[in-house]
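Heads up, the thing below is written out as structure tokens.
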Amino acid sequence: MQQLKSHIYPGEYVPDDTIDDDLKNGTDRTLKNSISNCMVNVSEDESHIKMDVFLPGLNKQDINLEVKNNCIHIFVNHLEILTNNSKFLVHEFENSRLRRKIKLPQQSDIAFITACFDHGILKIHVPKCKIPTYGKPHRIAIY
């Protein structure tokens with residue numbers, strides 16, 4: 001019976017050879033000026049729609065939340081400051097510029113949308129109504 005020299009199971013560290021090569025060669029792996037999408041969980045029941053948006057490492061002041069054309073628009077503009085003249089050697093995730101657009105169902109009551117930000121999660125509550133409501137584009141305060 002032949003024994004495998006290497007196996008992968010959850011939690012085991014498997015080095016990425018390309019990162020080591022890039023570090024040796026001085027290749028810039030940063031994602032400068034990129035705009036990323038943020039991860040969202042959306043659930044609903046009879047009376048409302050709930051959205052949880054994953055935004056780790058941010059403050060609520062970095063987040064802009066708007067309703068426009070029956071969509072929720074999430075914008076993040078976060079300035080990340082490196083200290084001690086340091087620079088990234090590997091920079092694979094970006095949370096300084098994010099945006100996401102989420103289409104709302106017709107029965108959404110856009111006048112009463114609320115939002116709060118706690119421990120890196122933006123929680124958006126959208127009440128439902130029987131008659132579709134349409135309104136002017138507006139910002140949503142984040143508590």
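The values are calculated or read from the model by the stated rules, or taken from the named source; none is laboratory data. Bear in mind the structure is a predicted one, so any value in this text is a computation, not a measurement. Note that each Cβ is placed from the backbone with ideal geometry, even for glycine, and that neighbours are counted across all protein chains shown.
Pairs are defined by a Cβ separation below 6 Å, a sequence spacing of at least 6 or placement on different chains, a first member in the stretch 116-143 that is touching a residue at least 12 places away in the same chain (Cβ under 8 Å), and a second member that is of a type in the set (Ser, Thr, Tyr) and part of a strand (DSSP E or B); the pairs so defined are His125/Thr114; Val126/Ser108. In this structure, Cys38 does not satisfy being of a type in the set (A, V, I, L, M, F, W, C) and modelled with pLDDT of 85 or more.
Scanning the stretch 106-142 for residues that are in contact with a Gly (Cβ under 6 Å, 6 or more places away or on another chain) and modelled with pLDDT of 95 or more returns no hits.
Filtering the stretch 118-143 to residues that are of a type in the set (A, V, I, L, M) and either exposed (fewer than 13 other Cβ atoms within 10 Å of the Cβ) or not in a strand (DSSP E or B) (or both) leaves Ile131, Ile140, Ala141.
The requirement of being out of contact with any Gly (no Cβ under 6 Å at 6 or more places or on another chain) and modelled with pLDDT of 90 or more is not satisfied by Val90.
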